[in-house]
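Step one of this worksheet: look at the structure below.
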Amino acid sequence: MNHNPAIDPLYETFAPARDALGFTWLDAAAFVAPALMCVEVRIVGRLFGSDIFLLAIFPLLLRSRWRLLTARLPMSVLRLELLWLAGQVATDLWRRTPFEDLARGESMIAFGLFHFAALYMLLYGSRQRIVEYALGLAVGGILAFFFDPSYYAAAYPWKFGVGEPITILVVVVAAATLSAGGVFASSATLLFAACVNLYMGFRSMAGVCFLASAFLMIQRESARLSRPSRAATVTIAVAAFAALAGTFKIYDFAASTGLLGFHAQQEFEVQSAGEFGVLLGGRGEIFSSALAIRDSPILGHGSRALDTDYALQGQMIMRDLGYKPLAPDPQAATGLIPEHSYLFGAWTNAGILGAVFWAWVFTVAIRAMFTLFRMAEPLSPLIAFSVVLLAWDLLFSPYGAQQRFFASYEVVLAVYILESARTGVMSARAFAHDR
């Protein structure tokens, strides 16, 4: 790719180093920034090495690449995230949230905004740095598991520990395979990741990998047809989702018969006992946050909102639907309103403005997938995986701590696809020489 000196003068400044070493300081930063998430400092809340590193290089990025943030889509992300922060500040003032709690809650949003701005300037226009950041996420996630594991990571080392980082490494291999071996090899690599995660009990990650694999095959079939009809595309998509459903039926059988071990069998029996099966059985917190949103939909309940009644009401609803808890949740002792969704969590804590931000991001993710479908993008496996994961986590995963590093990266990739399609900044034919 030919760099524009107007937006990246440091690229030319460090050209001698690039030519001698094969990479610039931007390449090094793209890997080091996420890898440092394994370093944690307790200052009011949780501050990570990635936060400190990006703060240190932010002036350099702003000096050389600030114009990238003035485009419509990245500016929309920043404005709406500022509105989310404003909603949190207004809620905390209204609720008289204790300073320690509001500092943690508001700083989490502020750092999310800052991370998006820094990553967009750092990664946009370079497929190499996009891959380097993914590798840094994988390394940082694995190191964090060994040096600073959460309670859940210690109890479930694959699902809440090394599973996602290792899967990212496999997805990067799938992206490299796409260029070297073609769509079938890349899709098979993603399918392998899906099978491993399914065997390890990480159902949601298995589903994301499977959908990314199916996306590549649908994209290939669409490109193979000179003028693919809408009916053909819909047929292929339906077949992919049917295959996904079949895959999960296989998991259900394997788990229920004990082929995946006693714990998987016990967990499946508990989570599938209710009216809505395993999808809702493992995410009962949604009821608690939904009740909290119902009671205060405009202004939320405050940063780190405390109210044990919502947790108890949510548990009662789950029992009425036929579900029973597998084991006491140690996090319930904190009194925090349970959350299991970026969207519901932001709405519960910050009110409607938090929901507006994540609902808009969801539309960006959907648009990015449709746009990627029509592109000859060498990083399709990595981007499809990341954007599908963003959409899933937005609806079904809690936001915070190291998760914001993954989320910011995924939002950047979704915006990158839409912006690069609009501007043509990255030619698919030039990807081998991108810096």
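The values are calculated or read from the model by the stated rules, or taken from the named source; none is laboratory data. The model shown is predicted, which means the values in this text are computed figures rather than measured ones. Positions of Cβ are generated from backbone atoms using ideal geometry, with glycine treated the same way; all protein chains shown enter the neighbour counts.
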Meets criteria (at pLDDT 85 or above and on the phi < 0 side of the Ramachandran plot) for residue 314: no
Extreme residue, nearest to residue 371 (Cα to Cα), among residues of the stretch 387-397 that are touching a residue at least 40 places away in the same chain (Cβ under 8 Å) and outside any loop (DSSP other than H, G, I, E, B): 388
Selection count, the stretch 397-411, where residues are on the phi < 0 side of the Ramachandran plot and more than 11 Å from the chain's Cα centre (by Cα): 0
Residue count, the stretch 193-218 (criterion: over 15 Å from residue 250 (Cα atoms) and of a type outside the set (S, T, N, Q)): 11
Candidate set: the stretch 398-428, residues that are modelled with pLDDT of 80 or more and assigned to a loop (DSSP other than H, G, I, E, B); chosen: the one farthest from residue 137 (Cα to Cα): 398
Tally of residues being basic (Lys, Arg) and under 18 Å from residue 398 (Cα atoms) across the stretch 123-181: 1
Number of positions in the stretch 51-82 that are surrounded by 17 or more Cβ atoms within 10 Å (Cβ to Cβ) and either within 22 Å of residue 101 (Cα to Cα) or touching a strand residue (DSSP E or B) at 6+ places or on another chain (Cβ under 8 Å) (or both): 2
Pairs where the first residue, in the stretch 53-67, is within 17 Å of residue 116 (Cβ to Cβ) and in a helix (DSSP H, G or I) and the second is of a type in the set (D, E, K, R) and modelled with pLDDT under 95, C-beta under 9 Å, 6+ apart: 65/8
